[in-house]
Amino acid sequence: MRAGYYPKLAIEGIRKNRRMYLPYLFTSIAMTAMYYIIVFLQDGGLVSALPLGSETVREMMRFGGNIMAFFSCIFLFYTNSFLIRRRKKEFGLYNILGMGKKNIARILFWETLFILLLSLGSGLLLGIVLSKTAELGLFNLMGYQISYRLSVSVPGVCMTALVFGVIFVLLFFNALRQVRFSSAMALLQSENAGEKPPKANWLLGFLGLALLGGAYYISATIEDPITALAAFFGAVLMVIAGTYLTMISGSVMFCRILQRRRKYYYRPEHFVSVASMKYRMKRNGAGLASICILATMVLVILSATTCLYFGGEDVLRTRYPREINFSMRTKYAKALSDEVLEPVWESIDTTARQQGASMEQQYRCRSAIITGLLQDGTVECDVTKVRNAVTFSDVIQFYFVPLADYNAITGAKESLASGEALICGSRTDEIGDMLEFRNGSRFQVKGRAEEIFPEELVPEMTVVVADLETTLEGLNALADFNGDAMLSFQWIVNFDTGLEKEEQMALSERLSALELPEDCTSVCRSREWEQQDFYSLFGGLFYLGILLSIVFVFAAVLIIYYKQISEGYEDQARFEIMQKVGMTKREIRKSINSQLLTVFFLPLGLAALHLCFAFPIIRKLMLLFQLNNVRLYLLTTLLSVIAFALFYTLVYRVTSNAYYHIVSGAKEKREV
């Protein structure tokens with residue numbers, strides 16, 4: 001055959017099957033454009049020149065680019081399987097008419113090449129055009145000034161071409177494998193393959209339910225943020241596996257149950273739909289599970305990142321309660337004496353006054369910090385046992401604060417006798433009337449104190465004592481200086497300045513450079529200085545969440561579309577027969593609605609169930625960012641579910657109409 005004959009056959013094949021190829025092509029273009037935009041934000045444009053937060057944003061975009069590349073590969077393989085299934089009958093006919101497998105391979109090569117070139121060309125062009133809009137949106141979320149200079153990332157273009165070139169090479173070899181190892185008759189009958197009633201596998205069904213139950217239990221019983229982070233990815237894998245097993249096996253059982261309900265099954269609108277669903281529910285269940293997982297990912301990502309972004313100000317004020325937050329640490333108790341601290345305070349006060357700060361809302365607090373294991377109301381501070389703790393939730397940081405400092409900060413007028421204490425923080429419910437440190441001090445618990453320290457990743461407990469110096473006599477025996485010091489000391493000075501942003505940051509730099517006593521280190525953080533890093537982190541996460549949500553929503557829509565179209569072609573012959581024996585188009589519409597409504601909203605309902613059980617573990621993960629605004633997270637989750645449900649319903653209406661036009665006897669002939 002002439003060399004130009006194969007490209008013509010490839011183009012003709014794409015044209016004749018445009019109903020299947022156009023969504024696939026648009027998907028490839030959209031994913032190419034999205035991947036380029038993420039790589040552009042990572043390595044090109046103005047992000048790398050940001051004064052603050054550039055590395056944070058670049059790391060997030062690098063992570064998002066890896067997710068995008070992996071997901072593009074998986075999803076293009078998934079959608080390509082619909083195309084190959086549809087084309088197998090055509091290739092089988094070519095084979096019977098004398099065309100060899102090598103000739104068919106050449107057609108597949110040219111089809112793959114044309115789709116690749118169109119995807120790369122159009123996708124890169126679209127990505128370059130939209131990259132500036134994406135950059136402007138990111139800068140707006142981060143609070144930076146916007147530049148309207150357009151640029152192109154050459155490394156981004158090369159990386160995009162490489163990634164999608166590799167993906168399409170793999171797609172070509174996968175299609176070649178399916179054609180190469182199938183006979184001509186198998187190719188011709190591929191659309192009817194597997195049309196046997198699948199058996200309900202009870203073992204897989206119960207295994208799926210067990211995996212879902214285990215994941216739900218992990219989420220519901222998780223105690224602290226560090227453990228939640230470690231368990232989150234395992235729980236996600238359990239939910240994915242459990243969803244697939246449950247929906248594949250459970251959907252078959254569901255159809256059988258519907259058939260046993262005579263009043264439901266023996267009705268025109270249900271009889272045909274349930275019978276046809278039962279034959280392909282094994283494959284249908286996998287598609288529904290994919291939609292469910294994608295919907296869950298969209299809801300989790302969108303609700304969490306939205307909550308973090310709009311709750312960023314709460315996080316900032318929790319972590320930095322005043323405009324200037326000065327902290328000095330040491331290993332020696334003598335550094336907390338008035339003789340040592342007074343000169344440091346005078347230096348801080350003088351520096352702040354010179355800068356023009358008003359020193360409002362100030363407080364100073366000394367504390368001794370020791371780490372231990374709380375077990376049955378007794379604290380074990382042995383270094384080896386602490387390091388070998390089974391879970392992070394067993395380890396608690398104890399902050400011993402003198403009563404005078406506590407009363408000055410809170411405005412309280414508490415009084416304590418020697419040996420008495422006020423406590424607050426994590427796991428105080430496990431402590432009765434006595435708090436005892438093994439081989440150390442014992443305290444009579446007089447009552448509960450107000451929280452004066454921001455919540456940390458490691459569980460913490462504040463112990464307010466009458467006199468810190470006396471308390472240290474009992475704690476010094478617990479210190480181990482042969483390795484890491486178990487007992488450390490901290491002095492905090494926080495205050496508001498009344499200064500503008502630039503002056504606050506300048507004051508923070510001057511305080512960071514103060515001379516300190518020997519063996520002391522300090523950190524001074526300005527709320528205004530840290531604000532930009534916060535918005536870089538949360539704005540970047542929010543933006544990445546939006547980008548990934550768009551991709552996952554688009555993927556779910558395409559799975560739904562291909563599911564409806566492929567099943568429409570499969571059911572076309574059945575409905576033609578039913579029309580010949582008297583079934584009206586109105587009854588066809590009722591049957592289609594029955595079939596689609598029976599299974600279409602099942603993924604959405606299960607995704608909502610996943611989201612409900614994911615709430616506890618995601619809330620704990622929010623605490624890693626020191627965000628504890630439950631009301632805000634509930635609101636963002638509810639709005640995300642409503643928005644996605646409305647969009648999902650719209651997709652249902654559009655795709656059900658496409659299914660109806662195929663099976664209802666529209667004048668469209670299936671082309672070979």
Please pick out the residue among 143, 121, 98, 64 that is crowded, with 17+ Cβ neighbours inside 10 Å and either farther than 18 Å from residue 24 by Cβ or at pLDDT 75 or above (or both). 64
Restricted to the stretch 392-441 and to residues being surrounded by fewer than 13 Cβ atoms within 10 Å (Cβ to Cβ), of a type outside the set (A, V, I, L, M, F, W, C) and farther than 30 Å from residue 360 by Cα, the residue modelled with the lowest pLDDT is 439
Could you check how many residues of the stretch 420-447 are under 37 Å from the mean Cα position of the chain (by Cα), not in a loop (DSSP other than H, G, I, E, B) and not small (Gly, Ala, Ser)? 5
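Could you tell me how many of the residues in the stretch 158-182 are of a type in the set (A, V, I, L, M, F, W, C) and in contact with a Phe, Trp or Tyr (Cβ under 7 Å, 6 or more places away or on another chain)?
4
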Matching strands (runs of 3 or more DSSP E) fully within the stretch 272-387 where at least 1 residues are at pLDDT 85 or above: 324-330, 360-375
Taking the stretch 84-95 and keeping residues buried (at least 21 other Cβ atoms within 10 Å of the Cβ) and hydrophobic (A, V, I, L, M, F, W, C) leaves 91
Within the set of pairs 6+ apart or on separate chains, which have a first residue in the stretch 399-414 that is free of Cβ contacts under 8 Å to residues at least 60 places away in the same chain, a second that is part of a helix (DSSP H, G or I) and surrounded by 16 or more Cβ atoms within 10 Å (Cβ to Cβ), and C-beta atoms under 8 Å apart? 412/406; 414/403; 414/406
What are the pairs, 6+ residues apart or on separate chains, where a residue within the stretch 346-370 that is within 30 Å of residue 386 (Cα to Cα) has its Cβ under 7 Å from a residue that is among the β-branched types (Val, Ile, Thr) and in a helix (DSSP H, G or I)? 365/409
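The values are calculated or read from the model by the stated rules, or taken from the named source; none is laboratory data. Nothing here was measured: the structure is a model prediction, and the numbers come from that model. Please note: Cβ atoms are built from the backbone with ideal geometry, for glycine as well, and neighbour counts cover all protein chains shown.
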